[in-house]
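A.B. asks: Take a look at the following structure, please.
The values are calculated or read from the model by the stated rules, or taken from the named source; none is laboratory data. Here the structure is a predicted model, which is why all the values come from computation and not from measurement. Counting neighbours? That spans all protein chains shown, and the Cβs are built from the backbone with ideal geometry, glycine included. SASA here: full protein model, heavy atoms, side chains in, ligands and nucleic acids out. Shrake-Rupley method; radii C 1.70, N 1.55, O 1.52, S 1.80 Å.
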Amino acid sequence: MAGVEHCPTEGSPGSPYYFQLSYFTIYLTKGIEILEYYTKVPFYHVLFEAVLVIWIYRLITSKTFRFREQKIELTEKEEEELIEEWQPEPLVPATPTYDLDVITPKVVEGKPGHTLKIDDMECLNFATFNFLGFVGNDKIEDTAIKSLHRYGVGSCGPRGFYGTIDVHLELEERLAKYTRTEEAILYSYGFSTIASAIPAYSKRGDVVFCDKGVSFAIQKGLVASRSRVMWFEHNDMEDLERLLLEQKEKDEKNPKKASVTRRFLIVEGIYVNYGDIAPLPKLMELKYKYKVRIFIDESASFGVLGHTGRGLTEHFNVPIKEVDLVSVSMENSLATIGGFCCGTTFVVDHQRISGAGYCFSASLPPMLASAAIEALNIMEQKPDMFDDLREKAKLLHAELDGLQGLVCEGSEESPIKHLRLLEQLETIDDEEDKLKEIVAIALRNGVALTIARYLKDDEKFLPPPSIRVTVNVQLTKEEIKRGAQVIRQAAEQVFG
Amino acid sequence: MTPSKDKSKMPVRSRLTSRRSQKSRKNGFSSEKNQLSALQEEKLKEFRESFVEEFQDAPLYAAVMSYLFYFYMAFFACIKDLMIRLGVRKSKRPKEYKNEGFVPLYPEFEDFYFRHIYIPYSWAFNKPISSTAGPIIQLMEREVVDGGWQHRLTGVKTRMINTGSYNYLGFAENVGPCVEAAEEAVKKHGLACCSSRHEFGSLALHNELETLVARFVGKPAAMVFGMGFSTNSTNIPTLVGKKDLIISDALNHSSLVTGARLSGATIRVFKHNDMKSLESVLRESVVKGNPRRHRPWGKILIIVEGVYSMEGSVLRLPEVVALKKKYKALLYLDEAHSIGAVGPNGRGVTDYFGVDPADVDIMMGTFTKSFGAAGGYIAATQVNINTLIEYSWEIIDHIRGSSHSAAYASSMSPPVAVQVISSMKIIMGEDGTDEGKRRLKALDENNREDILKTRFLSAIIYFRYFRRRVKEMGYVVFGHNASPIIPLVIFAPGNTA
Ligand SMILES: Cc1ncc(COP(=O)(O)O)c(C=O)c1O
């Protein structure tokens with residue numbers, strides 16, 4: 001047994017052999033330093049210290065002195081009483097903490113594509129993230145059905161245990177090729193893609209610089225990472241630089257700690273909550289100046305920005321290699337389920353052992369992966385649809401200009417726009433009620449809109465209430481004009 | 001064997017209703033229920049005696065060998081590192097792009113493990129297949145290039161028996177009624193909604209599935225989500241908060257741990273499936289309260305799994321329920337691996353032990369395993385009653401309103417939802433055939449003759465038979481007899497291949 005007992009300390013992954021070696025050398029050198037110190041100080045000093053040590057030892061061991069706080073021992077009966085007395089709170093709060101209308105959402109019939117069929121009425125879809133109109137695409141559906149007849153629906157296991165199906169490998173390869181990166185990694189749900197990717201790299205003790213406008217999934221990823229987060233004002237590069245400088249000063253004071261503190265910068269390509277674009281060139285400049293790694297969530301900009309839809313980096317002509325990690329949810333442009341991260345093999349591969357949502361969850365249903373492959377095919381074959389989408393976004397932006405009581409926020413080119421109130425009302429609820437009125441009127445006139453839904457108590461920085469208007473390429477110019485007209489009239493009705 | 005045996009002949013439906021009529025559906029806080037009746041005590045005792053679970057110790061030889069193995073691996077890895085540092089050997093690892101002078105991305109130890117333990121053995125995992133994850137799979141052979149940094153497909157495909165997928169009831173299939181229904185769903189609803197449940201992501205399908213799941217697990221209401229992992233990680237934070245305590249099994253799944261961490265609640269851990277440990281943690285927590293705030297805990301949530309996927313152990317549910325009632329705690333039960341797979345009617349551990357589902361506050365499960373689909377559900381007691389103040393609010397409504405997934409994540413894909421609906425109906429026997437019964441019957445060893453005739457079932461289904469045979473072959477196995485998971489413990493990682 002002796003052999004067994006001493007082996008694990010050297011061999012088990014919890015405490016590697018060479019680690020102990022390095023600790024040992026540290027202690028050894030420390031010990032020598034202390035001995036050296038004692039040869040230099042006067043003798044009475046050593047004597048005094050020795051007496052002090054003996055006295056403390058006596059104090060601790062003597063019976064009259066209680067070093068630790070006295071323990072209160074409860075009798076069994078008292079414990080039972082306490083247990084009897086304790087009244088737990090109910091599992092959920094007595095009064096709802098959410099909007100009552102979210103638990104009875106409108107049910108959509110048929111395919112939620114170009115139009116939404118709600119309450120037996122076809123409404124123009126200005127609400128879902130189906131930017132490229134891939135919902136209901138015949139080619140994609142045919143591919144998915146073919147895949148269904150080959151692989152069935154579920155994969156019945158995580159990627160490690162026979163859940164890796166050839167289409168997953170193919171999709172990862174295609175995504176890497178399309179984004180012009182070395183490697184891509186596939187997740188089975190959009191929300192958990194970035195939420196798992198962040199804690200895979202950023203750990204306790206690390207520092208993350210993050211925009212205040214980021215989506216909820218990023219916020220949750222940051223909480224899970226337990227890193228220190230420094231929030232900068234939305235898209236405010238000066239504020240970011242201020243924080244970076246602040247951190248730099250701190251690091252200079254404690255270079256030892258700084259040498260193991262990783263720094264990350266997390267932004268979104270197009271901010272879902274604001275509809276504007278991150279200033280990438282400036283961010284890249286700051287990246288190299290302050291040596292922070294940059295992660296970009298391109299969920300809303302992939303398949304949207306750039307001449308061929310490759311996202312933010314193409315939009316600004318920045319080599320994607322210089323971005324450390326790009327994370328994309330496939331639930332928007334690609335109109336399927338899941339998400340992926342891409343970047344250099346050095347960075348991405350690490351998620352295969354430490355991305356919680358990758359390792360501990362079943363892989364994406366193969367038919368949905370096939371659908372994504374087909375969607376990529378279409379994106380490659382018809383590169384003009386991205387220009388088309390941007391043009392329509394610009395048209396909508398122009399049409400939504402100068403509404404009564406409302407202001408259209410977001411970049412012209414972004415397919416996501418936020419209509420916010422010009423003047424603030426007393427409470428957020430009042431503001432939302434006004435916006436909901438507009439949404440209801442528009443719905444009656446055949447235009448489906450939605451207010452941007454947030455969990456108000458859980459958002460770190462709650463964006464002001466808004467109607468989130470989205471464009472998809474299938475909407476014709478006339479339809480966009482009609483939609484904008486309906487919104488204009490509704491606004492006049494509410495604010496007039 | 002188990003106390004539920006005699007009752008298991010009764011269909012679960014009638015059992016549920018008979019129980020329900022006896023007592024009002026409360027959350028388990030009323031004082032008269034805190035004390036167990038003599039009959040219940042006796043039953044519990046009987047249960048304790050009959051519950052056998054094995055965690056065999058490793059033979060000394062195997063233990064020594066596996067430690068030696070790690071020792072050698074670390075030893076040679078250090079030498080390799082040294083040689084790379086001296087420039088004798090070249091590292092094959094891919095490089096980071098242009099980040100000179102940055103703080104290294106990976107901590108030293110993690111990096112060491114990744115380079116020297118994960119990479120050389122990674123080819124034993126992540127093996128790609130090119131078929132359904134059914135009973136027979138087509139494995140795609142790979143070649144190792146660059147000492148494990150790359151794998152190349154050779155193009156050779158081998159047919160193998162699959163004992164690795166969680167395809168308990170064999171619903172991972174590419175023909176049959178479920179597949180036809182899924183195809184219909186694609187034609188009718190497309191593949192995704194591109195919107196969250198709070199906005200325009202709700203289809204009638206989702207509502208239908210939710211009612212069905214609620215009926216299946218024996219709860220009044222349920223909500224479904226697109227991913228099992230997120231079901232845990234995004235919903236636990238809506239149920240507990242800073243003032244509360246989570247008591248978690250030491251071996252809980254990563255999704256439960258993530259959810260607990262995100263919730264901000266204090267987390268205490270008890271020894272895996274050890275009721276003494278659970279009781280002492282519970283007792284101490286209730287008696288001492290929150291040590292930081294010097295106040296009693298708001299509420300205490302016990303989080304456990306029905307069947308543990310890595311150990312193959314089955315939860316001691318009746319004992320947990322008794323403790324939960326005694327200490328007025330709440331119970332969150334993750335049935336990812338037990339729903340559909342254990343119990344005479346395939347309804348999970350409550351069905352197996354004959355426990356009233358009303359005694360479990362939150363029932364969670366995933367569709368990934370037995371149903372051959374993807375996603376997860378949460379089902380809960382509808383009315384949440386406190387003994388002091390009588391008010392009612394639906395737990396599921398609360399989850400619907402404040403779940404992170406419901407507000408921000410895309411809703412479940414229509415064909416996947418339909419796969420769950422049709423497979424669940426088959427298990428419940430509502431499709432008009434006895435297909436479900438046949439599959440469930442195969443779960444019982446007594447029907448082995450039958451099993452051998454059913455060609456489509458996954459090999460893992462014959463789990464009791466499999467467990468016995470594997471034990472006869474001298475492997476060390478873990479877990480409970482009723483569990484469909486049979487962990488074979490392999491001591492030297494070098495043998496994995
Ligand atoms: C106990 C438990 N909960 C949740 C999950 C996650 O489920 P899914 O694979 O559907 O994401 C698993 C999967 O392995 C599990 O074992």
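A.B. asks: If I model a spin label at A:Ala258 and B:Lys187 as a point 7 Å from the Cα along the Cα→Cβ vector, what separation in nanometres do I get?
C.D. replies: For A:Ala258 paired with B:Lys187, the spin-label model returns 6.6 nm.
A.B. asks: Pop out the ³J(HN,Hα) list for the stretch A:271-284 in order, Karplus 6.51 cos²θ - 1.76 cosθ + 1.60 with θ = phi - 60°, rounded to Hz; leave Gly and Pro as x.
C.D. replies: 6, 4, 7, 10, x, 10, 9, 6, x, 4, x, 5, 4, 5
A.B. asks: Probe 1.4 Å, all protein chains in place: accessible area of B:Trp123 in Å², nearest 10?
C.D. replies: 90
A.B. asks: Something else about it: Once you put a point 7 Å from the Cα of A:Val53 and another 7 Å from the Cα of B:Lys288, both along the Cβ direction, what distance in nm separates them?
C.D. replies: Once both label points are built, they end up 3.4 nm from each other.
A.B. asks: Taking Cα centroids, how far is the stretch B:400-425 from the stretch B:190-263 in Å?
C.D. replies: So the two Cα centres are separated by 9 Å.
A.B. asks: What part of the accessible area of the stretch A:69-189, given as a whole %, is carbon or sulfur when the probe is 1.4 angstrom?
C.D. replies: 50
A.B. asks: Something else about it: Short version: ³J(HN,Hα) in whole Hz for each residue of the stretch B:259-264, in order, from phi by Karplus 6.51 cos²θ - 1.76 cosθ + 1.60 (θ = phi - 60°), x for Gly and Pro, what are they?
C.D. replies: x, 5, 5, 5, 5, x
A.B. asks: Please give the solvent-accessible surface of A:Glu84 in Å², to the nearest 10, using a probe radius of 1.4 Å with every protein chain present.
C.D. replies: It works out to around 100 Å².
A.B. asks: Mean residue ellipticity at 222 nm from the helices of chain A, using -39,500 (n - 2.57) per DSSP H segment of n ≥ 4 over the full residue count, to the nearest 500 deg cm²/dmol?
C.D. replies: About -14500 deg cm²/dmol.
A.B. asks: Which entries in A:Lys203/A:Lys256; A:Lys248/B:Lys90; A:Lys220/A:Lys382; A:Lys282/B:Lys242; B:Lys127/B:Lys425; A:Lys177/B:Lys127 show an alpha-carbon gap greater than 29 Å?
C.D. replies: A:Lys248/B:Lys90; A:Lys220/A:Lys382; A:Lys282/B:Lys242; B:Lys127/B:Lys425
A.B. asks: Sticking with this structure for a sec: Taking every Cα atom in the stretch B:140-190, find the radius of gyration and the maximum pairwise distance Dmax, and write them in Å.
C.D. replies: Gyration radius and largest Cα-Cα distance of the stretch B:140-190: 17.4, 49 Å.
A.B. asks: Let me ask another. Could you work out the relative contact order of chain A, using alpha carbon pairs under 8 angstrom and six or more residues apart, expressed as a whole percent?
C.D. replies: Reported relative contact order: 18 percent.
A.B. asks: Have a look at the DSSP beta bridges in chain A and tell me what percent are antiparallel, nearest 5.
C.D. replies: Antiparallel bridges: around 60 percent, rounded to the nearest 5.
A.B. asks: Next up: Taking K and R as +1 and D and E as -1, what net charge do the other residues with C-beta under 9 Å from the C-beta of B:Gly298 add up to?
C.D. replies: So the surrounding residues net to +2.
A.B. asks: Just need log10 I(q)/I(0) for chain A at q = 0.08, 0.10, 0.14 Å⁻¹, Debye formula, equal scatterers on the alpha-carbon atoms, no solvent, rounded to two decimals.
C.D. replies: Here the Debye-derived log intensity ratios amount to -0.65, -0.89, -1.44.
A.B. asks: Enter the accessible area of B:Thr368 (Å², nearest 10), with the probe set to 1.4 Å and all protein chains included.
C.D. replies: 10
A.B. asks: If you average over every viewing direction, what projected area does the convex hull of the Cα atoms of the stretch A:399-496 give, in nm²?
C.D. replies: Working: hull surface 26.3 nm².
The number I arrive at for the stretch A:399-496 is 6.6 nm².
A.B. asks: How many square angstrom of accessible surface are buried between B and A, both sides summed, with a 1.4 Å probe and rounding to 100?
C.D. replies: Looking at B and A, the buried total is near 11600 Å².
A.B. asks: When the scattering of the stretch B:111-254 is computed by the Debye formula from its Cα atoms alone, each counted once and equally, what is log10 I(q)/I(0) at q = 0.12, 0.14, 0.22 Å⁻¹?
C.D. replies: Ignoring solvent entirely, the Cα scatterers give -0.90, -1.10, -1.34.
A.B. asks: Against the longest alpha carbon principal axis of chain A, how many degrees, from 0 to 90 and to the nearest 10, is the axis of helix A:2-11 turned?
C.D. replies: 50
A.B. asks: Take every DSSP beta bridge with both residues inside the stretch A:217-343 and express the antiparallel ones as a percent of the total, to the nearest 5.
C.D. replies: Taking every DSSP beta bridge within the stretch A:217-343, about 45 percent pair in antiparallel fashion.
A.B. asks: Something else: What Kirkwood hydrodynamic radius, in Å, does the stretch B:67-136 give when the mean of 1/r is taken over all pairs of distinct Cα atoms and then inverted?
C.D. replies: One over the average 1/r among Cα pairs gives 15.0 Å for the stretch B:67-136.
A.B. asks: Something else now. Please list, in order along the stretch A:194-202, the HN-Hα scalar couplings obtained from phi with the Karplus expression 6.51 cos²θ - 1.76 cosθ + 1.60 (θ = phi - 60°), rounded to whole Hz, x for Gly and Pro.
C.D. replies: Taking θ as phi minus 60°, the curve returns 6, 5, 8, 5, 4, x, 5, 10, 8 Hz for the stretch A:194-202.
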